[in-house]
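Step one of this worksheet: look at the structure below.
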Amino acid sequence: MSASGGSKAIIAALGANLAIAVGKFVAFIFSGSSSMLAEGVHSLADSGNQALLLLGGKRAKRAASEEHPFGYGRERYIYGFLVSIVLFTIGGVFALYEGYEKIKHPHELDDWYWPVGVLVFAIIAETLSFRTAIKESNEVRGKLSWSQFVRRAKAPELPIVLLEDLGALVGLILALFGVGAAIATGDGVWDGIGTLCIGVLLVVIAIVLAAETKSLLLGEAADPAEREKIRAALVDGDSVTRIIHMRTLHLGPEELLVAAKIAVQHDDSAADVARAIDAAEERIRASVASARVIYLEPDVYRPEPASAPTAEA
């Protein structure tokens, strides 16, 4: 599965969220709707998140240095984790607070047509942004289900934009429900309930994002299918007879480290072993394009002796 950064989806989401945020704040000023305020802050937080993703992608392209010999690819994971924190604090916690305050001190909405009009516009804009994210994700997710794609994707940007857009759409529907119920009943408590629901939704999405990006930050191995390809490429049955042990680690979404101890023929010369290692590296790179850093240690395979039976007491 390709580790595309999904720049088109990020830019589409950024443009939509900036326009929607302005509209929501204007609607809040005229109507006093807490749902609109929470949604406005949510869109503003999402805009900042997309800016963070773009910044992380740019910084990750820096060349490796003596201090960072494996490069900066994992900066994309760091910025992805920051996005989950921003979404949790600025988006979710703020919405929960606003919802609580509105339920505690409700008031009727003024100029209700402002929030309704802005919400309809926002739903259309978010739908277009979500469509772009789905289209880009379909190009790289292969046969994986959507939940598998979010869990297994090594590039954090597309899963983040997908979940953000999904959360934004559901949040807009909740806000529309809260505003509509408040208009119909004349009771501003419904506006606060809608805001609380938005807060719960954002907190749940933020926790999911934090868990996934934390796993990437800690260091994930190659996918099972890629590991099988690497094993098949390593052993040629002639110069390399078996893999004694192997480890893989993603240094970034598009860079994989492969380290393995391989068994060679016991009577091979040093030149033969060197040629075997070079050939094995070529086979790995031809099989898995992301395998860019490869360390192979030759050894002579010695089966572990069977444990001697212990004497009975």
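Of note:
- Angle in degrees between helix 113-141 and the longest Cα principal axis of the chain, rounded to the nearest 10: 10 degrees
- Overall, the accessible surface of the stretch 1-90 at a probe of 1.4 angstrom is composed of carbon and sulfur to the extent of 70 percent.
- Assigned charges on the beta-carbon of Lys, Arg, Asp, Glu; the stretch 193-244 dipole about Cα centre (debye): 160 debye
- The C-alpha atoms of the chain define a longest principal axis, and helix 75-86 lies at about 30 degrees to it.
- Comparing mean-square fluctuations of A63, A181, A95 from a GNM of the chain with C-alpha springs under 10 Å, the top value falls on A63.
- Its Cα centre serving as origin, the chain has a Cβ charge dipole (Lys and Arg +1, Asp and Glu -1) of approximately 300 debye.
- Flagged links, alpha-carbon separation over 19 Å, of K61/K135; K61/K261; K229/K261; K214/K261; K24/K102; K58/K154: K61/K135; K61/K261; K214/K261
- Accessible area of the stretch 205-300 belonging to carbon and sulfur atoms, whole % at 1.4 Å probe: 53 percent
- Whole-number accessible area per residue in Å² for the chain, which is evaluated in the context of all protein chains at 1.4 Å: 50 Å²
- For the peptides 255-267, 10-22, residues were scored by their other Cβ atoms within 10 Å and the scores averaged per peptide; the highest-first order is 10-22, 255-267.
- The long axis of helix 34-59 is offset from the longest Cα principal axis of the chain by roughly 30 degrees.
- Between the amide H of R242 and those of A263, distances stay under 5 Å, these residues lying 5 or more places away or on another chain, with hydrogens modeled in the peptide plane.
- Semi-axes of the equivalent ellipsoid of the stretch 27-93 are 35, 10, 5 Å, computed as sqrt(5λ) over the eigenvalues of the C-alpha gyration tensor in descending order.
- Cα-Cα pairs of the chain separated by more than 32 Å (percent): 44 percent
- Computed over the stretch 156-217, Cα set: Rg, Dmax in Å: 14.6, 49
- A straight line joining the Cα centroids of the stretch 11-46 and the stretch 156-173 runs 15 Å.
The values are calculated or read from the model by the stated rules, or taken from the named source; none is laboratory data. Values in this document were obtained by computation on a predicted structure and should not be read as measured data. With ideal geometry, Cβ positions are generated from the backbone for all residues, glycine too; neighbour counts draw on all protein chains shown. Just so you know, the surface numbers come from the protein's heavy atoms only, side chains and all, with ligands and any DNA or RNA stripped out. Shrake-Rupley method; radii C 1.70, N 1.55, O 1.52, S 1.80 Å.
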